[in-house]
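Take a look at the structure set out below.
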Amino acid sequence: MTESSTHRTIAAVWRIESARLIAGLTRFVRDVGLAEELAQDALVAALERWPGAGVPENPGAWLMAAAKHRAIDRMRRDKLLEGKHQELGHMLEVQGRGARDLETALDEDLGDDLLRLVFIACHPVLSSEARVALTLRLLGGLTTGEIARAFLVPEPTIAQRIVRAKRTLSEAGVPFEVPRGEALTARLASVLEVIYLIFNEGYSATAGDDWMRPALCEDALRLGRIVAGLVPDEPEVHGLVGLMEIQASRARARRGPSGQPVLLLEQNRALWDRLLIRRGLQALERAEALGGARGPYALQAAIAACHARAGSAEQTDWTRMAALYAVLAEVAPSPVVELNRAVAVSMASGPAAGLVLVDELMADGALEGYHLLPSVRGDLLFKLGRFVEAREAFALAASLTRNARERDLLLERAAACARPDPA
């Protein structure tokens, strides 16, 4: 194996194993920043040794062993940066563990540790941006540079965001534990929000030249599946996984030959990934079987399933979809949900019915500056033959979006209003 291929292997192993390493170490050092530092030391050791010695048969176990040795050496050398030694010494004395016992303890069930790490990375004490960055760093195994490129943010900004997040967690004394009772529901909602934020940024990039960033979708799906495996009895986790699986199934059909956006109703459904659809429908069924049919993510998954089950836009059960959006608006009221409901109503009952709802949203002002509102309005006006108004709406939408691909599409639609298809 060449040195370059070895480095690629190390990168792949790190992406898979880093969260387990950091989770296992955090349980003992009680500092997620220090745990990540120790795991990084193990990665450096692999980069130094594997190109010459070869990739070990069980690379994950090798990294864990290296991380354990560094944790033990660190404890012996400086008593966990001096300020931790009394607390750690007491803990080890109470538990009757020496260095050898520590090695054994780090091999205990890592599932619980991984779940604890999920809840730390997504803790509500952090800002939304910090939670996303820290989750991708600790659980996704992404480098600071990879996160920065994914979100089109300068690398120093992401680095500072992660450092501040770790400091905030340390200063707040956030415990390394799985919340219980009502606290679990609230904290789990934060976890799911972070995962879906990551997915959405990959599915419809808010800025830049790319319509999609598939790697972020894949990271979010992987994180969602991990959490679903860790808390299998929580219906909303399965609802979210089902929603992401079904939405991700459309990826190949969402972009044209030159990368331009292809809207849902115009997509070639033969390009939709049937395996992802099956997995998504299974996850939705699991959520519903657990009593979570009215959960916000399960409802959105059920809406996505209406598209997935239809062979064409015309065959879609728009009436059911509009009804599902009405329920979602009750469970999780939001002007964005109302906008999506307006689209479903327009397909079920005609563009005039949808336009009434859209104009109410325009008058309300809650979505001012949100480019999809004038975009939807432009589409409905176009269908009603009100081309001058439609052109103005599409032009406004184009001026509001920060995504170059989407802007081009909206400008094309505005131009088409001056030469509408006679059909």
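All of the numbers you see were taken from the coordinates with simple rules; none came from a lab. Remember, it's a predicted structure, so these values are computed and weren't measured experimentally. Glycine also receives a Cβ, built like all others from the backbone with ideal geometry; neighbour counts cover every protein chain displayed.
Descriptive notes on the structure:
- Projecting the alpha carbon convex hull of the chain along each direction and taking the average yields 23.5 nm².
- Spatial offset of region 329-349 relative to region 236-311 amounts to 18 Å, using the alpha carbon center of each.
- The calculated 222 nm mean residue ellipticity attributable to helices in the chain amounts to -23500 deg cm²/dmol, summing -39500 (n - 2.57) over DSSP H runs of n ≥ 4 and dividing by all residues.
- Region 282-423 - convex hull of alpha carbons, volume per residue in Å³: 126 Å³
- When the GluC sites (Glu not before Pro) in region 365-423 are filtered for DSSP coil states and for at most 14 other beta-carbon atoms within 10 Å of their beta-carbon, the remaining sites are Glu368.
- 3J(HN,Hα) from dihedral phi, region 5-18, Karplus parametrisation 6.51/-1.76/1.60, rounded to Hz, x for glycine, proline: 5, 4, 5, 5, 5, 4, 4, 5, 4, 4, 4, 7, 9, 4
- Rounded to two decimals, the Cα radius of gyration of region 175-219 over 2.2 N^0.38 Å is 1.54.
- Reciprocal mean inverse distance between Cα atoms of region 145-238 - Kirkwood radius, Å: 15.1 Å
- The share of alpha-carbon pairs in region 252-343 lying farther apart than 21 Å comes to 39%.
- The HN-Hα couplings worked out from phi for region 266-277 by the Karplus form 6.51 cos²θ - 1.76 cosθ + 1.60 (θ = phi - 60°) are 9, 6, 7, 5, 5, 8, 5, 7, 5, 5, 5, 5 Hz, whole numbers, x standing for Gly and Pro.
- With Cα atoms, 0 to 90° folded angle of helix 110-121 axis to the chain main axis: 60 degrees
- A convex hull fitted to the Cα coordinates of region 135-294 yields 127 cubic angstrom per residue.
- Fraction in percent of alpha-carbon pairs per bin - 5 Å, region 226-301: 3, 19, 22, 19, 14, 11, 8, 3, 1
- Directionally averaged shadow of region 348-390, computed from the convex hull of its alpha-carbon atoms, nm²: 2.9 nm²
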